[in-house]
Amino acid sequence: MGAPTSETALIAPSLLLLPVAAIAADPGDGGFHGPSIADFFPPVIFFAGTPFELNRLMIIRLIAIAALVLLLWLGARRMQVVPSRGQVVFEYVVNFARKNLVIDILGEKDGRRFMGVIMAIFFTVLAMNLTGVIPGLQLAGTANIGVPLVLAVVAYVLFIYAGIQRHGLKYFKNALILPGVPIFLTPFLAVLEFLSTFIVRPVTLILRLLMNLVAGHMLLVLCFTATQFFFFTVLAQGNFLGLLGVGTFAFSIAFTVLELFVAALQAYVFAVLTAIYIQISLAEEH
């Protein structure tokens, strides 16, 4: 039988109750097998051969959304004048997102119009990102192009809709033609502005989120798998080089903390950029 994947390995809990990789090497060859891109395309678990196929990644996404909806419902269902500790935390997080992601960028009037969808983007990305460091899940729902692509399309439609609603079809002229530019440079700059506004924006939204989560996952898998290999293969054979597992375990913890920060940061950046693109579309001038 071939070696188990590093993705399966991550599910096993050990080493001070933190999730680490199980044996990432084939017992037959004693070698080390690091993570691969196949981790992000797990096999189908349920409903194979139907339009409703579910693999491990899709199940993680469904869990993340279900947990998000549950937390928001629990936080908002019984608001009190004298808040409990849980309500204080809930209100702080929601007000932080409301003020920093929406009102400070779009203002009160326009902010109210787009607040729901921008905050939904923020909390969705945050929930999906955090699954990458949750024991038993440890694969971010955004570490595959599907979710980043859908959210980037939503942001794309939003800022174009906002611009057309405010300026009509003149929005495209405002977006492409720079005022005060010599006439002979206008076609060249219009092409650059088109690429920048309508092509580069959504592509960078997708790639920024996707690549950060993919890289973080690969680092975590590599470190935890190396720790398992050093402790339970090398050291078990009496080779003191296995003590290098102490170092890889320390890196595992450090990268886990870093991934928590990256998960929150990337959710914030995605939502902020969506709001900024809407604000640019609403502006009277280019």
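Those residues that are in contact (Cβ under 8 Å) with a residue 40 or more places away in the chain and either of a type outside the set (A, V, I, L, M, F, W, C) or over 22 Å from residue 148 (Cβ atoms) (or both), I need them from segment 53-71; list them, please.
Result: 56, 61.
Only residues that are farther than 19 Å from residue 37 by Cβ and surrounded by 20 or more Cβ atoms within 10 Å (Cβ to Cβ) were counted in segment 138-155, giving 3. Sort out which residues of segment 205-228 are over 23 Å from residue 242 (Cα atoms), surrounded by fewer than 23 Cβ atoms within 10 Å (Cβ to Cβ) and touching a Pro at 6+ places or on another chain (Cβ under 6 Å), and write them in order of number. Answer for segment 205-228, where residues must be over 23 Å from residue 242 (Cα atoms), surrounded by fewer than 23 Cβ atoms within 10 Å (Cβ to Cβ) and touching a Pro at 6+ places or on another chain (Cβ under 6 Å): 206, 210. Taking into account only those residues within segment 239-286 that are polar (S, T, N, Q) and at pLDDT 90 or above, which is farthest from residue 229 (Cα to Cα)? Applying the filter and picking the extreme gives 281.
Among the residues of segment 232-264, just one is touching a Gly at 6+ places or on another chain (Cβ under 9 Å), surrounded by 15 or more Cβ atoms within 10 Å (Cβ to Cβ), without any contact (Cβ under 8 Å) to a residue 60 or more places away in the chain and over 22 Å from residue 36 (Cβ atoms), namely 235.
Here the condition is being on the phi < 0 side of the Ramachandran plot, among the hydroxyl-bearing types (Ser, Thr, Tyr) and without any contact (Cβ under 8 Å) to a residue 12 or more places away in the chain; of 124, 50, 131, it holds for 50 alone.
Does residue 62 satisfy being within 27 Å of residue 211 (Cα to Cα) and either polar (S, T, N, Q) or touching a helix residue (DSSP H, G or I) at 6+ places or on another chain (Cβ under 6 Å) (or both)? Here the answer is no, as residue 62 does not meet what is asked.
The values are calculated or read from the model by the stated rules, or taken from the named source; none is laboratory data. All of these numbers come straight from a predicted model, not from anything done at the bench. Note that each Cβ is placed from the backbone with ideal geometry, even for glycine, and that neighbours are counted across all protein chains shown.
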